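This report concerns only the one structure given below.
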Amino acid sequence: MPNAADLRSANRPDRERSPEIDEDVTGKELDRATQHQIKTLEPKSSEWVARHLVMAGRLIDDEPELAFQHALAASRRGGRLAAVREAVGLTAYAAGHYGEALREFRTFRRISGSNVHLPVMADCERGLGRPDRALDVARSEEAQDLDAPGKVELAIVAAGARTDLGQLDAAVAELEIPQLDINRAFSYSPRLFRAYADALAAVGREEESQKWSRQTVVAENALGQGVDQEPEIIDLGWDEEEEAREEAERRRMLDRASKSPDTEETAPVTGGTSTESARATEAKAAQDSSIDDQDADYFVSNDAESDQDSRESDELFSPAEEDAADGVESLEDESGEEPAANEAVGIEDHTGILHDEERRED
């Protein structure tokens, strides 16, 4: 649908009007770098450009042609911005307009100085039926500056160009790059593995092709990209019915234990009451444990040696000497030193206290 808010002079009968923008789009959905570029425009134009760019990004996968029209609308007011020319290039490429995409990517590279879209430019050359020029792009000096994912994408395009020219063995060689490691998986590995498997199959190396195809699935699963990316969840707990039966049994045991405590204490070892008493005791302990788990909202140490209440008193120390030792330990804890160093200091201080006591006795 045409955009009724588009009141520019471009609304002549010989020119298409811009497409409608969804009501929930504000333009603030763009990343910070793009917003910084758009702020250089006039306020009315900046909002227009931002909202059309958001629509282009929203529709590029499902409706690439409509996304391309939104990017063109943004370029009418923000054509000097690198982010806008990049959006036009990407949407044109997605819609199959390889000539327009190639032109926009070249303009983007002149404005920004970035070669990040070099693999897509090479693929546009392939789309225009010029695989030789795609190989020229792959062998260019700018291609050496790409990062690992960019080099992988360019190698895949180069292999496709070789295939277009009927050079199947050369297509395999184009993919044998340092990033082709069967034992390591990166974000680009599944695409590279699959392309290599297809290239091997094309030259009749079926056994190797199957190996790389299997490794593609392994890499996808390891990266969470395959069909098995959703983890299998297994419930190891009780079901509701089993839990209800256990709860009822525990309550029955507790009721019986509370009604006849004397019988439980004097019951013979060989009688059935002893077994019930043991079960009641276990049930009560389990209940107490669960209550403790629910009520405890503070940290309880599992290390008895670090708990002041559980520290055994040393008969060689007098109460005053114990207080002095506790003071040394508290200072050691606050100092933040390594445990071994703290222990060594504590031993030396205690030894000094013992020697002073011996001297007083003499």
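Read the figures in this text as sums done on the coordinates, not as results from a lab. In this text, all values refer to a predicted model and were calculated from it rather than measured experimentally. Counting neighbours? That spans all protein chains shown, and the Cβs are built from the backbone with ideal geometry, glycine included.
Some notes on this structure:
- Linear extension gain, Asp164 paired with Ser187, 0.36 nm per residue minus alpha-carbon span: 5.6 nm
- A Förster radius of 45 Å combined with the Cβ-Cβ distance from Arg58 to Leu254 puts the calculated FRET efficiency at roughly 0.15.
- Euclidean distance of C-alpha centroids, the stretch 27-63 and the stretch 171-222, integer Å: 38
- Phi-derived couplings, Karplus 6.51 cos²θ - 1.76 cosθ + 1.60 at θ = phi - 60°, listed residue by residue for the stretch 246-256: 5, 5, 5, 5, 5, 5, 5, 5, 5, 5, 5 Hz, with x used for Gly and Pro.
- Using the Cβ-Cβ distance between Glu208 and Arg139 with R0 set to 35 Å, the FRET efficiency from 1/(1 + (r/R0)^6) comes to roughly 0.85.
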